[in-house]
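Written out below as structure tokens is the structure these notes cover.
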Amino acid sequence: MIFYSFLLFIGCSTSADLTPPFILNRNSTIGLWELSGAAQLIDQNDILLAPPIQFSHGGVWTNVEIPKHDFKINIKFQIQEGTGGGGLGFWLIQQFGDSGTLNGGPNVFNGISLLATVRNDGTELHFHLIQDEQKNKFSKDFLPMSEYSLQIDSKTNISLTIHVNDGNIIILVNDQEIIDDEILGNLNDKFLGITGQSEGLTSRIDLYSVEFLLDDDEKMDNSRKVKASFKKGRNGRISDDKKLLHFIPEFEYALRNPLFVATIEEIDKVHDKFDENLESSFSKVMSIIEESHFVSYEISSFKELNEFVSKTLLPYTQKWHKRTIKIVEDSSKMRNAISTTWEYTNGMIKSFNASIKQNTLKTKIKIIDLEDILENELETKENHENDFDDITKSPITMILLSVTCIELSAVLLLLIYMNCPKLKMK
């Protein structure tokens with residue numbers, strides 16, 4: 001196995017935590033986590049798992065290995081907007097990146113699934129823990145009984161902790177223990193994923209952080225927690241066929257508008273027990289008529305839609321079109337200016353190179369001329385020295401020099417004699 005530098009201390013270079021600030025890479029990954037489906041990065045502090053759009057789902061998956069030791073995973077998220085449906089799935093399963101209609105995850109899986117389903121018009125979040133070995137196919141309409149129900153609203157930030165301890169899995173919501181169950185299989189070959197889904201009724205699901213913690217029994221304080229970090233994940237990428245933004249629901253809805261409540265109930269009754277619903281009370285009929293009337297007012301008419309498009313969308317589009325044209329024109333001007341500057345610079349460089357070559361050639365010629373002059377001067381000097389040697393070696397020259405020396409000596413003695421009176425008296 002590649003792991004088991006799994007739970008190092010904070011000094012480890014790469015962490016499996018999914019914490020802000022989020023930086024999205026080109027291959028739709030944030031660190032060791034990969035986005036799939038409708039999941040997208042909103043900003044550096046928020047990942048949208050599922051938008052409030054009918055029949056859409058998304059998720060984030062990590063390929064790091066699950067440790068053999070006890071550990072905790074703390075997840076912070078929020079459910080807001082929408083029409084009060086959908087839910088989340090927290091997965092420790094063998095199928096990396098699998099998607100389906102079970103809160104964004106697969107309906108058939110090998111491992112552990114914790115489902116958090118939105119109920120009662122978005123006011124409650126029901127939790128279900130399921131363990132399976134690909135023996136059953138699960139559906140949201142036939143889930144086991146909810147093990148815990150949390151009251152929520154659009155401003156509720158939820159903190160969920162998955163604690164694996166001594167072969168048990170413990171679930172805590174906002175620091176309150178809601179589930180404690182024995183783990184039936186082995187988690188070493190499993191992958192961790194978090195998914196979100198909107199159905200006929202929708203919800204916006206935002207993920208804020210995922211942190212790994214462990215109990216360090218070797219320290220003085222047995223309850224001390226340190227961040228778990230990883231050096232390397234397993235090989236694995238989510239294939240394109242698992243990255244679908246939308247899914248086909250298990251049941252087709254005759255009326256997709258969530259405002260049809262009583263009408264959908266009556267339609268279901270008609271399909272289930274047709275003979276018993278041939279007659280209905282006057283109040284029920286009137287409530288359905290009232291509901292249809294209300295829905296019709298909520299839906300824009302063609303005239304209103306045309307007015308909205310012509311007065312709002314069209315001017316907005318025209319403004320953006322003008323801005324786009326202006327940007328294109330400015331880009332063209334900038335490109336022309338850069339092209340002109342480049343041509344001018346290129347011309348200057350060529351001229352500079354030509355000048356350097358010409359000056360180099362002139363300098364080379366001058367150096368050659370100077371070399372010739374110096375050689376001529378050297379030859380002339382050697383010739384003069386030879387002539388002087390010839391002159392000094394001539395006998396006539398030697399005689400003349402001797403006579404000249406005698407004459408100068410005689411003149412010098414005469415001058416001394418004439419200017420010295422003592423010599424005259426003698």
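Here, each number is a calculation from the coordinates, and none is a lab measurement. Keep in mind the model is a prediction, meaning the values are calculated, not measured. Cβ: placed from backbone, ideal geometry, glycine included. Neighbour counts: every protein chain shown.
SER402 to THR380: FRET efficiency via 1/(1 + (r/R0)^6), r the Cβ-Cβ distance, R0 35 Å, to the nearest 0.05?
Numbers: r = 32 Å, r/R0 = 0.91.
About 0.65, to the nearest 0.05.
To the nearest µm²/s, what D does Stokes-Einstein give for the range 29-242 at 10 °C and 1.306 mPa s, using the Kirkwood radius over alpha carbon pairs as Rh? Please list the in-between numbers first.
Details: Rh = 17.3 Å.
After rounding, the answer is 92 µm²/s.
On full extension, the segment bounded by ASP166 and ASN25 gains 47.1 nm, given 0.36 nm per residue less the C-alpha separation.
The modelled label-to-label distance for the pair VAL328/ILE130, using points 7 Å beyond Cα in the direction of Cβ, is 5.2 nm.
Quick one: which of 355-363, 71-79, 190-198 comes out on top by average Cβ neighbours within 10 Å, and what's the full order, highest first?
Numbers: 355-363: 10.0, 71-79: 19.4, 190-198: 27.4.
Going by the mean number of other Cβ atoms within 10 Å, highest first, we get 190-198, 71-79, 355-363.
Between the beta carbons of ASP181 and SER283, assuming R0 = 51 Å, the FRET efficiency works out to 0.65 to the nearest 0.05.
Show me 38-48, 144-154, 371-381 ranked by packing, highest mean number of other Cβ atoms within 10 Å first.
Details: 38-48: 16.8, 144-154: 13.1, 371-381: 9.9.
Going from most to least packed, we get 38-48, 144-154, 371-381.
Modelled spin labels at ASN419 and ASN157, positioned 7 Å past Cα toward Cβ, are 12.2 nm from each other. The listed peptides 54-65, 284-295, ordered by packing as a protection proxy, come out as 54-65, 284-295 (highest mean of other Cβ atoms within 10 Å first).
Placing unit charges on the Cβ atoms only, positive for Lys and Arg and negative for Asp and Glu, gives the range 29-242 a dipole magnitude near 540 debye about its Cα centre.
Residue separation of ARG119 and ILE356 scaled by 0.36 nm, minus their Cα-Cα distance, works out to 77.0 nm of gained length. Between the alpha-carbon centres of the range 311-365 and the range 117-167 there is a gap of 61 Å.
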